[in-house]
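This report concerns only the one structure given below.
The values are calculated or read from the model by the stated rules, or taken from the named source; none is laboratory data. Predicted model only: the values in this text are computed from it and were never measured. Neighbour counts are summed over all protein chains in view; Cβ atoms, including those assigned to glycine, are modelled from backbone coordinates with ideal geometry. Surface accessibility is based on the protein's heavy atoms, side chains included, excluding ligands, DNA and RNA. Shrake-Rupley method; radii C 1.70, N 1.55, O 1.52, S 1.80 Å.
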Amino acid sequence: MISHESSCNRTSSQVELTKSAEKNLRLESLLGELKSLFEALRNSQLGRFALFLDRLSGRNYLQDREALDSVKICTSEARPERTLPAGLDDLCIEQLESRNAQKFSDLQALYARVDTLFPAPPRVLVQWLELALSLFMFRSPVKAPLNALFRDVKDFQLASEAGFADGKNQMKGRMGMLLQVWSYFIRNPVASFRLLNWERLKRLIQVLAGAEALNSLSWIDQRFPVDTSASKRPQTFLVAEDEAPLVQLVFPCVDSPRVSIVIPVYNQYATTISCLQSVLANTADIDYEVIIADDCSSDSTITIGERAANVRVVRHKENQGFLGNCNTAVRQARGDFVLLLNNDTNPQQGWLTKLLETFDQHQGVGLVGPKLLFEDGVLQEAGGIIWRDGSGWNYGRGQSPDAPEFNYVRDVDYVSGACILLKKEVWQKIGGFDERFRPAYYEDTDLAFEIRRLGLRTVYQPASEVVHFEGVSHGNDINSGVKKQQRINQVVFRKKWSKALLADHNELGSGVFNARERHLGGKTILFIDHYVPFFDKDAGSRSTYLYVKTMLEMGYRVKFLGANFFPHKPYTEALQQLGVEVLYGERFARNWKLWLRENAKHIDVIYLHRPHITEDFITEIKSLEDCPELVYFGHDLHFLRTEREAGILQDASLKKSADDWKRRERRIFEQVDKVLYPSNVEVEAVRKLAPQTDVAQLPLYVLDEPASTEFRFQNRKDLLFVGGFTHTPNVDAVLWFAEQVLPNLLEVDPDIQLHVVGSNVPSSVHVLASKNIVVHGFVSDAELENLYRSIRVCVVPLRYGAGVKGKVLEALQSNVPLVTTPIGAEGIPEPASVMCVVEGAKEFSAQVLSLYQNERRCIEMLESRSEYIRRHFSKPIVKEAIEQYFGAAPISSDEV
C-alpha cells in the first residue's frame, strides 16, 4: 500500500522529470543554433575578418570547436516538439539530469566566451558595422550571424543571470587579471621583483595572453591575491536603542545542539540585539543553541524571549555579577561544547566553524579563542601574553589583522573571555570560573591556566574573527566601577599562580618572540624554500609539507620563509592552520635580513632547500652573530640530473650546465653543517664530490600503510602516469612512453589507455591526447585517489633524473602494481621486492603487459607492500631520522 505522501512525491517527481527533459531538449536546440552561428561566421565579411584577427592573436577563440564538437547534436531533431520517453526509470532520470547539466554548462561557457571576446562597447560597434555591410551587400540584416549570436547571448543572460555570471567569472577578462597583477606589484614591489626572471615573466605573459585559459584565473589568484581583511571593514549590526525592541529574530530550533552559546547580559538591550543578529547571520551548518544569561536586567531584556524565538533565557533572582552569571547559565547548557560570548561582540562569517575545527584538527586542545577586531577592522587581540608579574598583553593590539605574525594557529597564555570555546566536560571538571575572581576580571586568564594544569592547550584561532566593542560592558577606566576589579584580581591571580609565573613567564615586555607562543623547551626550525609547498602539485612540495606536519606533531616549533614572499592560496593558510608562522608580504621581502638578525638567537636550525634558493640566503645567514645550525636538503642532486639529461639528449650546453651546478652545489656543501638527500646514490655522489661533507639519507615521504582494500583485478583497467611537468624528466618520460612503449601495448590490447596526470602540462604533452591517451592535467587529491583505485598498473618511465621519485612512493602507498626504470627506482631500498624495474622500450612493454594480463603476478607484487612501507617510510622511521638530524624531540605538551 502506498501512502498519500509517497504518491504525491512520485507525481511531483514525474512532473519535474518532464520539465527537466523538456529543458534538456531546448538546450540541445540552442546548442545546435549556436554551432550554426559559429559556422556562419565564414559567410560574413566581418566574421572572416574576426577569424583572421583571432588567429593572428593566437587565442583561437573562434577556431576552437572542441567544446562544440564534444557535444552530440542533431539540430534537425533537437526541438521541444520531440516526444518524450513513455517511461522514466531511475537510470533515465540520472542520464537526463547529467545531460541537462552538461549541456547547460557547455552553453554557459560558450556564451561567456563570446561575452568576453566582445564586451559591450565594441559589440555595439561590431553590430553596426555588420549591419552596414549587410545593407551594402543587399543581404538581410536579420541573417547577420554576429548580430544573431549577440541576441542569443542577451537572451541567455536575461534567462539565466546567475549561471551567466558564473560562466563570465570563469572567463575573467585579461585586463582584469592584468590590473590584479599590477595592483599586487604596486603594493609589493620588492616581493614581486626580487625573484623575477625571464622564465617567470614568460609564464606570466602566457597566462595574461590567454595561452593557458583554463588555469589562468586560479594561477593569478594564487600568486597575486587581492587584499584581505585589512582592506575592508568587518560586518557589524549596529542597532539604535529606540529601534532594538522592534527587531524580531528567529533562531533554529535544535533538540541536540553541539554548541551552547552562552551570552551573559545586564541591560544594554540594543547591544545584545546587535550581538544576536550577528550570531544568527554568521553561524551556519552547526547545531547550536543560544542561552541569554540575564543578570537581573531592568530594560527590554526582561521580555527578550518574546522577540528572539528559540532563544533560552536564564534569569536570577539576585544579581550574580559576570562570573556568577556565567557559572549559573552554563549549568543549563545542553551542548557538548560551551561558548561564552560577550554581548558587546559581533562574530564574523564562519567564526564558530573555525573554532570547532581547531578541536578536530589539533590534538590536546582545551580552550580556543578567535582573533578580536575593533569596529574599524584594526586588530584588538591575537591571543594574550601573561608576564611574570601577572599583568597581561593583548598581543598585536592596534596593528594590521593581516600581518603574518597574527595569522597562524598557536598556543597562547590565554584568550580573552569576550569569546571562548571549550568542551562542557572540561568546564565541569575545572568547576567553571573560580569564585575568588568575583565579580569579574582575570577569570578567563585563570581558566586558561587551569586548562594547562590539566595537560590541555589554550589555542588562538586567527581564521575565526569577532568584533569586540571594547569597554561597552564595564568601561575603560581601571580606577572606577567594576573595571577597578581588574587591578585587584591581578594580585589574586599572581598569588594563586606564583610558581608557574616564576618558572615559565618572562619579565614584563621582554622576549616577545617566544612569549607570544606557549612553547616551552621545543626546538625552533626555520624552513627556507622557493615558496610555500604546493603539496598537491609536486613531489618536492609534498615532501616538505609532510615533514612540516611531522615536526609539529613531534613538538618542534616551525617557521617558514618562502623566497618569493608570496602568500600563495590556499597553501599559505594550510600551513598557518597547522601552526606554522609563514613570513610573507612586502614587509618581510624588504626586512627579512633584519628579522633574521633580531630573531636568529631564538632559532635552533635553519633548514635550507634547493641550491638556487640557498645561494640567495646563505651569505647573509653565515654573517649572523647568532648563526643557527644549517641543514641543507637538495631534493635532488642537480648536477647529477643534468649530467644524465645531457647524456640522453647529447647536448653540450646541458653538459656545461651540469658542470656549473656541480661547482655551485659543492660550494653549498662547504658552507652548511649537514647535507641531506633522499637517495643513497646521491649521498655517495656528494661524498665523492666533497669528502668532508656531513651527508646522510633522509626518507623523502612519510607514508601511511596501504589501504587494506582488496585489489580487484577484473574491476580495473588502463595505465597511470603521475608527475608535475615543470620537471623536464617527466615530460621526456611521457613522450618516450607514447612513442616507444604504447604502440607495443596497443598491438596486443587496442583498448588500453594511458592516463596522464600532473600540473603545468606543456603543449608537447597536450597534443598526445587521443583515444588511447587521456591527458587529465592537474587533478585534486580525491580525483587522483579515485584514479589509483580504478587503474590496473602504474608506469614511471623516467630516462633521466636524480633522487627518490615521489610518484613511485605514491604508487607504492596506493597499492597499485608498478613498472619503472632504474632511474625511477633509484634511491629506493630493495626496489625489486615491490615493483618491476626494467630498461629499454621492448623490455618495459613486456613487463607492463605481463602485469596487465596476469592477476596472480599483480597480487604477489602487492603482498609485501605494507611491511615494506613500515620498514622504510613509516612515521616512526621518519621521526627517528628527524631526531637524529635536527636534535632530540621536545616535550609534547606544557605542564604547570
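When ligands, DNA and RNA are left out and all protein chains stay put, how many square angstrom of accessible area per residue does segment 417-575 have with a 1.4 Å probe? Kindly include the intermediate steps, with their values, before the conclusion.
Values: 5870 Å² over 159 residues.
With all protein chains present, segment 417-575 gives 37 Å² per residue.
Return the FRET efficiency for the residue pair ILE859, GLU839: r is the Cβ-Cβ distance, R0 is 30 Å, and the value is rounded to the nearest 0.05. Please report the intermediate quantities before stating the final value.
Values: r = 25 Å, r/R0 = 0.84.
Result of the calculation: an efficiency of 0.75.
Mind listing the phi-derived Karplus ³J(HN,Hα) values for segment 667-683, rounded to whole Hz, using 6.51, -1.76 and 1.60 with θ = phi - 60°, and x for any glycine or proline?
Values, residue by residue: 4, 5, 4, 6, 9, 9, 8, 8, 10, 10, 9, x, 10, 5, 4, 5, 4 Hz.
Taking amide H atoms as placed 1.01 Å from N in the peptide plane, list the residues 5 or more away in sequence, or in a different chain, whose amide H sits under 5 Å from that of THR524.
Amide H neighbours of THR524, under 5 Å, 5+ apart: ARG557, ASP604, VAL605.
Between ASP389 and residues 5 or more places away or on another chain, which pairs have amide H atoms under 5 Å apart, with H built 1.01 Å from N, and which residues are they?
LEU508
How about segment 255-318: which trypsin sites (Lys or Arg not before Pro) there lie in a loop by DSSP and see at most 12 other Cβ atoms within 10 Å? If you can, show how the numbers build up before the last one.
On the way: sites: ARG258, ARG307, ARG312, ARG315, LYS317; in loops: ARG258, ARG307, LYS317.
Here the trypsin sites (Lys or Arg not before Pro) that fit, given the DSSP loop and packing criteria, are LYS317.
Express the carbon and sulfur contribution to the solvent-accessible surface of segment 356-506 as a percent, rounded to the nearest whole number, probe 1.4 angstrom. The partial results should precede the final answer.
Numbers: 2620 of 5700 Å².
Of all accessible area on segment 356-506, carbon and sulfur atoms account for 46 percent.
Roughly how many Å² of LEU703 are accessible to a 1.4 Å probe, to the nearest 10?
10 Å²
State, as an integer percentage, the relative contact order of segment 322-405 based on alpha-carbon contacts under 8 Å between residues 6 or more apart. Working shown, then result.
On the way: 63 pairs, mean separation 13.2, N = 84.
Here the relative contact order equals 16 percent.
Show me the trypsin sites (Lys or Arg not before Pro) within segment 665-773 that DSSP assigns to loop and that have at most 10 other Cβ atoms within 10 Å of their Cβ.
Values: sites: ARG666, ARG667, LYS674, ARG687, LYS688, ARG712, ARG716, LYS717, LYS771; in loops: ARG712, ARG716, LYS717, LYS771.
Answer by residue number: ARG712, LYS771.
I'd like the distance between the alpha-carbon centres of segment 810-874 and segment 315-348, rounded to an integer number of Å.
Distance between centres, Cα-based: 60 Å.
In this model, which of LYS537/LYS771; LYS423/LYS875; LYS202/LYS593; LYS523/LYS875; LYS371/LYS429; LYS688/LYS842 are farther than 24 Å apart at the alpha-carbon? Write down the numbers at each step before the final one.
Values: LYS537/LYS771 26 Å; LYS423/LYS875 30 Å; LYS202/LYS593 29 Å; LYS523/LYS875 19 Å; LYS371/LYS429 27 Å; LYS688/LYS842 35 Å.
Pairs exceeding 24 Å: LYS537/LYS771; LYS423/LYS875; LYS202/LYS593; LYS371/LYS429; LYS688/LYS842.
Give a residue-ordered list of calculated ³J(HN,Hα) values for segment 572-580 (Karplus: 6.51 cos²θ - 1.76 cosθ + 1.60, θ = phi - 60°; whole Hz; x for Gly, Pro).
3J(HN,Hα) across segment 572-580, in whole Hz: 5, 5, 4, 5, 4, 6, 6, x, 9.
In percent, how large is the relative contact order of segment 273-359, given Cα pairs closer than 8 Å and 6 or more residues apart? Intermediate results must be reported in sequence, preceding the final value.
Numbers: 74 pairs, mean separation 37.9, N = 87.
Relative contact order for segment 273-359 comes out at 44 percent.
Once amide H atoms are placed 1.01 Å from N in the peptide plane, what residues at a sequence separation of 5 or more from GLN380, or on another chain, have their amide H within under 5 Å of its amide H?
LEU372, LEU373, PHE374, GLY398
Would you give the gap between the C-alpha center of segment 718-779 and the C-alpha center of segment 481-519, rounded to a whole Å?
If we compute the Cα centre of each part, the gap is 62 Å.
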